[in-house]
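A.B. asks: Have a look at this one.
The values are calculated or read from the model by the stated rules, or taken from the named source; none is laboratory data. Because the structure is a prediction, the values reported are computed rather than measured. FYI the Cβ positions are ideal-geometry reconstructions off the backbone, even for glycines, and counts take in every protein chain you see. The protein model used for the area step is the full one, side chains on, heavy atoms only, and it has no ligands, DNA or RNA in it. Shrake-Rupley method; radii C 1.70, N 1.55, O 1.52, S 1.80 Å.
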Amino acid sequence: MLIESASSNLVLRPWCADDLDALLAAYRDPVLRQWTRMPATTAAEARLWLDRVRQHWDDGSRYSFAVTEDDVDGPRLVANVVLKGAALDRPRAEVGYWTAAWARGRGVAPRAVTMLSGWAFERFPELTHLDLMHQVDNVASCRVAQKSGYLFQEVLPARPPFPLDGHRHTLARP
């Protein structure tokens, strides 16, 4: 399954075993590790990460996409986007994402989140709202939410594993 957009040079596709090296390269970034719960800093952790992503696809609990863009040497990993908790009988789900250090500041995350959001509403007809949540001190995620059309809804109290309060942004079905 591929998600492509005529207006974007990004492609969203399921992760595969061949992505191990690119995943490890992305997780060398301390900023990325700061905001994610499941690091992939060794080959064993990266294999486990990829295995879990496949298991989640198989059981329908999460849909994680490797985000690539064309480079002179072919497609290059630039981000990850994920749809969490979507089901045919549920009106709400959550989106998440991270962007590789080498791709930040170029609008990759908002474009990828927008593409994922469109796919989610198309794939799950009963879905009425998508939530994007982040810690209050993650200013970049606030900007991504706004640029992706998600509106600020509320401040959420801190809960493990996140030590600070959070923001919930929502996108309604168009």
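A.B. asks: For every helix of n ≥ 4 consecutive DSSP H residues, a contribution of -39,500 (n - 2.57) applies; sum these over the chain, divide by its total residues, and give [θ] at 222 nm rounded to the nearest 500 deg cm²/dmol. Each step should come with its number before you reach the end.
C.D. replies: Working: 5 runs with 55 residues, N = 174.
It lands at -9500 deg cm²/dmol.
A.B. asks: In Å², and per residue, what accessible area does the chain have when probed at 1.4 Å with the other protein chains present?
C.D. replies: Solvent-accessible surface per residue comes out at 53 Å².
A.B. asks: Filter the trypsin sites (Lys or Arg not before Pro) in the stretch 43-78 down to the DSSP loop ones having no more than 12 other Cβ atoms within 10 Å, then list what survives.
C.D. replies: Values: sites: Arg47, Arg52, Arg54, Arg62, Arg76; in loops: none.
Loop-located and lightly packed - none at all.
A.B. asks: Give, rounded to the nearest 20 debye, the magnitude of the charge dipole that the chain has about its Cα centre when Lys and Arg contribute +1 at Cβ and Asp and Glu contribute -1 at Cβ. Before the final figure, lay out the partial values.
C.D. replies: Working: 21 positive and 21 negative charges, 82 e Å.
It comes to approximately 400 debye.
A.B. asks: Next question, about the same structure. Give the ranking of Leu10, Leu88 by solvent-accessible surface, highest area first, calculated with a 1.4 Å probe.
C.D. replies: Numbers: Leu10 0, Leu88 105 Å².
The residues order as Leu88, Leu10, largest area first.
A.B. asks: While we're on this one: Between Ala25 and Val139, what's the calculated FRET efficiency when r is the beta-carbon distance and R0 is 22 Å? Round to 0.05.
C.D. replies: On the way: r = 25 Å, r/R0 = 1.13.
Efficiency, from the Cβ-Cβ distance: 0.35.
A.B. asks: With r as the distance between the Cβ atoms of Ala101 and Ser5 and R0 = 22 Å, compute the FRET efficiency 1/(1 + (r/R0)^6) and round to 0.05. Before the final figure, lay out each step's value.
C.D. replies: Working: r = 23 Å, r/R0 = 1.06.
Rounded to the nearest 0.05, the efficiency is 0.40.
A.B. asks: For the stretch 53-142, build the convex hull from the C-alpha positions and give me its volume per residue in Å³.
C.D. replies: On the way: hull volume 9.8 nm³, N = 90.
Residue-normalised Cα hull volume stands at 109 Å³.
A.B. asks: Assuming R0 = 22 Å, what is the FRET efficiency of Asp71 and Asp18, from their Cβ-Cβ distance, to the nearest 0.05?
C.D. replies: Working: r = 16 Å, r/R0 = 0.71.
Efficiency for this residue pair is about 0.90.
A.B. asks: Quick one: the Cα spread of the chain along its three principal axes, in angstroms, biggest first?
C.D. replies: 40, 36, 32
A.B. asks: Near the amide H of Gly166, under 5 Å away, which other amide H atoms are found, from residues 5 or more places off or on another chain, if H is placed in the peptide plane?
C.D. replies: Val136, Leu156, Ala158
A.B. asks: Now, a different point. Roughly to the nearest percent, how much of the accessible area of the stretch 1-133 is carbon and sulfur, given a 1.4 Å probe? Please report the intermediate quantities before stating the final value.
C.D. replies: Values: 3380 of 6660 Å².
Reported share for carbon and sulfur atoms: 51 percent.
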